[in-house]
Each structure stands twice: as C-alpha cells, then as structure tokens.
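Colleague: If you scroll down you'll find the structure; I have some questions about it.
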Amino acid sequence: MELWPLVSLPLQILKINPRWNGNAALRWWRDGLLGWLPLGVRRWLVGSAQRLVITVDDPDYVLACEEAGQMQRVERLDRASLDWSRVVAWFRTEKSRHLVLRFPAAQALTRVLSLPLAAEKNLRQVAGFEMDRLTPFTAAQVYYDVTVLERQPAQRRLRVELTTLPRVAVDPVLTQLRQRGLPPDTLDITGGRPGLNLLPPDQRPRRDRWGWRLRTGVMMISLLLIAAAAVLPIWQQRLLVIGTMDKVAQIQKSASQTLTLRDQLDQVLATSRVLAQKKQTVPPRVDLLRELTTILPDDTWVERLQINGDTLQIIGQSAKASALVGIVESSRLFNSAGFLSPVNTDPRTGKERFVLGARIGREP
C-alpha cells in the first residue's frame with residue numbers, strides 16, 4: 001500500500017489553508033488511517049455520519065436526512081395537525097445519533113465583526129457580553145453562535161460571523177421536541193456555515209456516552225495498531241542501519257589498526273635496508289685499520305684516528321705528509337682524501353704534522 005498520497009495531502013493543506021490547526025491535522029490523520037479499514041468496521045468505530053434534520057418551514061415541518069453534505073428529503077408535515085409519534089418513530093427507525101433543528105435564514109440576524117485576536121479563546125462569552133451593543137437583543141433573548149472567518153495575525157484581529165435566532169421563535173419548537181424525548185443536538189439555520197450550533201453548550205444532549213467511549217477506545221487502539229504497523233518497518237530499518245553502521249565502525253577500526261601496523265613494518269624494513277646498505281658500503285673497522293697499516297709509510301705514525309659513519313679523520317706526523325693524500329686516495333677502501341688543515345712542521349720531531357680526512361667506501 002502506498003503511503004505517499006497520505007503524506008503529500010497534508011502538505012498541500014498546510015500550504016493553501018491559512019487557518020490550518022492541530023485539530024484539523026488530527027482529523028486528517030484519523031480519517032487517513034480509518035480509510036485503511038473495511039467500511040463496516042469504519043462506520044462502527046466512528047458511528048453513523050447521518051444527521052436527521054427537522055426544518056421549520058412555516059407552516060410545516062420538513063423532515064430530511066443529511067449525510068456527507070447531501071440532503072435527502074423524507075417528509076413534509078403540517079405543524080397544525082402534526083402527529084409527533086410519527087416524528088419519534090422516524091427518528092428511532094433511522095437510528096441516527098444526531099438531530100438538527102433548523103430555522104430559515106430569514107429569521108436569523110447575522111453580522112460580520114472584527115474582534116481582537118485574543119478573544120478567540122472565549123468567543124461565545126465575548127459575544128454574549130457585547131450582544132446588546134451588537135444587536136437589538138440581549139444575550140438572554142437569543143440563541144447565538146460565533147464562527148471564525150479569518151485570522152489576521154499581522155493586525156492581531158479576528159474576523160468572525162455572529163449568528164442569532166430570537167428565543168421567542170425557537171423555544172416553542174424546542175419545548176415540543178424535548179417533551180417528546182427528541183432534544184436537538186444542533187440548532188442552526190438554512191445555508192448556515194459548517195459547524196454552526198446556536199444551542200448553548202449546556203443544552204446540547206450527550207447521547208450514549210458509554211457506547212461512544214467504547215467506540216472511541218476501540219478506534220484509538222485500532223489507530224495505534226495501524227500506526228505501529230506503519231512505523232514498525234521504519235523502526236526495523238533504523239535498527240538495521242544502526243547495526244550496519246556499528247559493524248562498519250568496527251571494520252574501519254580494524255583496518256586502521258592494520259594500516260598502522262603496516263606503516264610500522266614499512267619503517268622497520270626501511271631502517272633495515274638502510275643499515276644493510278651502510279654495512280655493504282662501510283667496511284668493518286678491522287679491515288680499515290689493516291688497510292691503513294698496510295698503505296701508510298713507515299716514517300708516518302698516527303696520533304689519533306677517528307671514524308664517524310663513512311668519514312675518516314687521521315691526525316699524525318710524517319716525514320713527507322704531502323704524499324699521504326695520494327697514498328690514501330689510491331686505496332680501494334678510501335676516496336676523496338684531503339687535508340683538513342694546513343700542514344706544519346713539529347719543531348721537536350722535525351716531522352710534518354697533518355690532519356687528513358677521507359671518505360670510506362669500497363671500490364665499485
């Protein structure tokens with residue numbers, strides 16, 4: 001079943017209806033979920049939407065059934081010779097839970113008013129308090145209701161429509177209906193706005209409260225189950241995604257540790273290669289000493305020998321120091337030989353003092 005129509009519809013309502021509110025959204029959500037249920041179950045849960053309407057059309061009463069905005073006239077009865085038992089039987093036969101008493105619009109007084117926005121919470125009280133100023137009647141002389149037409153937040157004003165019916169015209173009919181066990185749920189006028197009900201709240205009967213509570217409870221449970229059925233797959237997908245993300249995080253952690261170990265291993269291998277290369281490039285010191293002993297003339301002695309990496313430094317005296325550069329350079333273990341400081345003569349020995357440097361390296 002596709003959920004997209006149920007999702008896209010309220011967004012359109014929000015965009016085009018400036019008077020959208022939370023109750024409207026709740027009704028839309030409820031109707032959308034109920035639409036998934038079979039027709040019989042849906043009607044049992046919400047009750048019959050049919051309203052029985054008694055319209056005062058002098059000199060007659062017009063009986064009609066109203067459902068989904070469609071009016072179906074049933075019978076016209078003469079008020080002067082009315083048999084009320086027929087009306088009672090009709091109401092019981094139709095088994096409707098809602099009775100409407102309707103008067104002609106010509107008998108009503110309707111006015112459009114501008115009120116402060118703060119008055120919306122207590123419109124009936126405000127209208128009743130101002131009734132004698134707004135109409136020729138007092139609040140005790142009329143049945144009335146107030147319908148919101150437009151909210152103007154920028155001006156902090158509220159456009160409303162006040163509808164009144166004189167009690168002197170309504171009370172006789174109300175009394176007859178109540179005496180015969182047919183108290184109206186709604187009092188309105190022909191062509192009135194949807195939701196109009198001129199009856200005071202304390203005069204509106206409460207019918208079948210236990211049945212209503214039972215249906216309401218069952219409806220709420222059904223709606224919760226439907227909502228759970230719709231949300232559960234999403235929740236399961238969420239848990240699956242979270243579990244997958246945890247596994248990915250663990251794999252990433254293991255991969256990071258593996259990369260770290262690989263880097264450390266590469267560093268160790270690089271160090272080993274450098275050491276191996278150095279070992280191949282720089283001969284053992286024993287070989288160096290043996291080579292120097294072999295190539296240096298007998299009239300030359302070494303006072304100090306320093307080996308630092310691939311660098312060799314010799315400090316000593318020789319009868320002919322200038323020849324040492326060529327001698328060391330000609331060796332297969334040394335290259336780049338040269339004096340590091342000027343050669344001078346030691347007055348005590350009469351020999352030439354020298355400081356000679358060379359690079360250690362095997363012949364290619």
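The values are calculated or read from the model by the stated rules, or taken from the named source; none is laboratory data. Every value quoted in this text rests on a predicted model; they were computed, and no experiment measured them. Cβ sites come from the backbone with ideal geometry, for glycine too, and all protein chains shown count toward neighbours.
Colleague: Could you grab me the full set of residues in the stretch 130-165 that are over 17 Å from THR190 (Cα atoms) and acidic (Asp, Glu)?
Modeller: GLU130, ASP132, GLU150
Colleague: Of all residues in the stretch 335-359 being basic (Lys, Arg) and closer than 15 Å to SER318 by Cα, which is surrounded by the fewest Cβ atoms within 10 Å (Cβ to Cβ)?
Modeller: If we take residues in the stretch 335-359 being basic (Lys, Arg) and closer than 15 Å to SER318 by Cα, then ARG348 is surrounded by the fewest Cβ atoms within 10 Å (Cβ to Cβ).
Colleague: Quick one: would you say VAL286 is modelled with pLDDT of 85 or more, under 22 Å from ARG332 (Cα atoms) and not hydroxyl-bearing (Ser, Thr, Tyr)?
Modeller: Yes, satisfied.
Colleague: Can you name the number of the only condition in (1) without any contact (Cβ under 8 Å) to a residue 40 or more places away in the chain; (2) part of a helix (DSSP H, G or I) that ARG76 fails?
Modeller: (2) is the only condition that ARG76 fails.
Colleague: What is the number of the single condition among (1) closer than 30 Å to LEU333 by Cβ; (2) modelled with pLDDT of 85 or more; (3) exposed (fewer than 10 other Cβ atoms within 10 Å of the Cβ) that ILE234 does not meet?
Modeller: (1)
Colleague: Right, here's the next one. From ARG213, ARG180, grab the single residue that is at pLDDT below 90, closer than 30 Å to ARG102 by Cβ and exposed (fewer than 13 other Cβ atoms within 10 Å of the Cβ). Let's see the steps before the verdict.
Modeller: Numbers: ARG180 fails: exposed (fewer than 13 other Cβ atoms within 10 Å of the Cβ).
Of the residues listed, the single one that is at pLDDT below 90, closer than 30 Å to ARG102 by Cβ and exposed (fewer than 13 other Cβ atoms within 10 Å of the Cβ) is ARG213.
Colleague: Answer yes or no: is there a residue in the stretch 135-142 that is touching a residue at least 12 places away in the same chain (Cβ under 8 Å), assigned by the TED database to the domain that holds PRO104 and within 47 Å of the chain's Cα centre (by Cα).
Modeller: The answer is no; no qualifying residue exists.
Colleague: I'd like to know if the stretch 149-172 contains one or more residues that are at pLDDT 85 or above, surrounded by 15 or more Cβ atoms within 10 Å (Cβ to Cβ) and more than 22 Å from VAL112 (Cα to Cα).
Modeller: Yes, the stretch 149-172 contains a residue that is at pLDDT 85 or above, surrounded by 15 or more Cβ atoms within 10 Å (Cβ to Cβ) and more than 22 Å from VAL112 (Cα to Cα).
Colleague: Still on this structure: Give me a count of the residues in the stretch 305-353 that are of a type in the set (A, V, I, L, M, F, W, C) and either in contact (Cβ under 8 Å) with a residue 40 or more places away in the chain or assigned to a loop (DSSP other than H, G, I, E, B) (or both).
Modeller: Narrowing the stretch 305-353 to residues of a type in the set (A, V, I, L, M, F, W, C): 305, 307, 312, 314-315, 319, 321, 323-325, 327-328, 333-334, 337, 339-340, 343.
From what's left, either in contact (Cβ under 8 Å) with a residue 40 or more places away in the chain or assigned to a loop (DSSP other than H, G, I, E, B) (or both): 307, 312, 314-315, 319, 333-334, 340, 343.
Summing the residues that are of a type in the set (A, V, I, L, M, F, W, C) and either in contact (Cβ under 8 Å) with a residue 40 or more places away in the chain or assigned to a loop (DSSP other than H, G, I, E, B) (or both) in the stretch 305-353 gives 9.
Colleague: Here is a further query. In the stretch 100-134, what residues are touching a residue at least 60 places away in the same chain (Cβ under 8 Å) and aromatic (Phe, Trp, Tyr)?
Modeller: PHE103
Colleague: Which of the residues spanning the stretch 105-131 are touching a helix residue (DSSP H, G or I) at 6+ places or on another chain (Cβ under 8 Å), in a helix (DSSP H, G or I) and surrounded by 14 or more Cβ atoms within 10 Å (Cβ to Cβ)?
Modeller: Correct list: GLN107, ALA119, VAL126, ALA127, GLY128, MET131.
Colleague: Do any residues in the stretch 219-239 that are touching a residue at least 12 places away in the same chain (Cβ under 8 Å) and small (Gly, Ala, Ser) have Cβ atoms under 9 Å from those of residues that are surrounded by 11 or more Cβ atoms within 10 Å (Cβ to Cβ) and part of a helix (DSSP H, G or I), where the two are at least six apart or on different chains, and which pairs are they?
Modeller: Sorted first by the residue in the stretch 219-239, then by its partner, the pairs are SER222/LEU33; SER222/LEU34; SER222/VAL41; SER222/LEU45; ALA227/TRP29; ALA227/LEU33; ALA230/LEU33.
Colleague: Right, something else. Within the bounds of the stretch 198-206, is there any residue that is of a type in the set (S, T, N, Q) and either outside any helix (DSSP H, G or I) or at pLDDT 90 or above (or both)?
Modeller: Scanning the stretch 198-206, I find no residue that is of a type in the set (S, T, N, Q) and either outside any helix (DSSP H, G or I) or at pLDDT 90 or above (or both), so the answer is no.
Colleague: Still on this structure, I have one more. Could you grab me the full set of residues in the stretch 135-148 that are closer than 19 Å to GLN107 by Cα and surrounded by 15 or more Cβ atoms within 10 Å (Cβ to Cβ)?
Modeller: Answer for the stretch 135-148, where residues must be closer than 19 Å to GLN107 by Cα and surrounded by 15 or more Cβ atoms within 10 Å (Cβ to Cβ): THR135, PHE137, ALA139, GLN141, VAL142, TYR143, TYR144, ASP145, VAL146, THR147.
Colleague: Quick one: which residue in ARG86, ARG97, ARG102, ARG42 is more than 30 Å from ARG156 (Cα to Cα), at pLDDT 80 or above and either part of a helix (DSSP H, G or I) or in contact with a Ser or Thr (Cβ under 9 Å, 6 or more places away or on another chain) (or both)?
Modeller: On the way: ARG86 fails: at pLDDT 80 or above; ARG97 fails: at pLDDT 80 or above; ARG42 fails: at pLDDT 80 or above.
Selected residue: ARG102, the only one of ARG86, ARG97, ARG102, ARG42 that is more than 30 Å from ARG156 (Cα to Cα), at pLDDT 80 or above and either part of a helix (DSSP H, G or I) or in contact with a Ser or Thr (Cβ under 9 Å, 6 or more places away or on another chain) (or both).
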